[in-house]
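Computed from the coordinates by the stated procedures, all read-outs in this text should not be read as laboratory data. Note that this is a predicted model, so its numbers are computed, not measured. As a convention, Cβ positions derive from the backbone with ideal geometry for all residues, glycine included, and neighbour counts pool all protein chains shown.
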């Protein structure tokens, strides 16, 4: 009976055309949404696409992708895919013995607008690339890519120029991503400069003088005040510089020079 119903639906979809696929697919997905019916939905979706997509207007096929691709995604990576691994379920329902979603991808890729429709067609793959660490998931993703590739090679609307642009963009993005990851792995860990942003009394990061101790750097403690001021201004806020410089000058005094404005400001009575 299900085979007869699918044949009737396929004939109706062929008569209506690809322009009405979104409505038909939406109605089916609202009815066949639980239990073994999800496997029936996957098989019915292939029958509809096989009847309505070949020779259809590419714009109509592209307009139907937002309704179709979530169903393909769920069939390949959702609960239906897990149930197909269970021998009892495969034996109980004919529709659960194999997935037709890869054939659906090939049909859509062979008749959609290229390369504009590719982000939607490849969405089941792209959203899982970052987590593709297990061999089983990688095999599933590769199977999806192969199915889309077969469709692209059969697509009469895809010009060689568009395909070359597509290949270049994919290769360029892949190489750029690998180079970025390699550069991040080779770069040393750098602490964020947060000087002057911490709470009073808290140790700040990104300052070698502070992290070596207030007077841990011998070069700072032996600098003349004029040079020490220049150095401190580069690593401390103004409020710290004034206090630090007074301490330095007290520890390392210099002969009074009336022409030195620093001495004049520090010793107004000299």
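Starting from the Cα gyration tensor of segment 56-107, take the square roots of the eigenvalues, sort them a ≥ b ≥ c, and report rounded, prolate or oblate (rounded when a/c is under 1.5, otherwise prolate if a/b is larger than b/c, else oblate). Prolate.
Label separation (residue 120 vs residue 183): 3.5 nm, computed from points 7 Å beyond Cα along the C-beta direction. Highest mean packing first, where packing is the average number of other Cβ atoms within 10 Å per residue, the peptides 95-102, 142-149 line up as 95-102, 142-149. With R₀ set to 25 Å, the beta-carbon distance separating residue 139 from residue 163 gives a calculated FRET efficiency near 0.50. Taking a ≥ b ≥ c as the square roots of the eigenvalues of the Cα gyration tensor, an a/c ratio of 1.5 or more together with a/b no larger than b/c marks segment 1-74 as oblate.
Estimated translational diffusion coefficient (Stokes-Einstein, Kirkwood radius over Cα pairs, 20 °C, 1.002 mPa s) of segment 2-156: 136 µm² per second.
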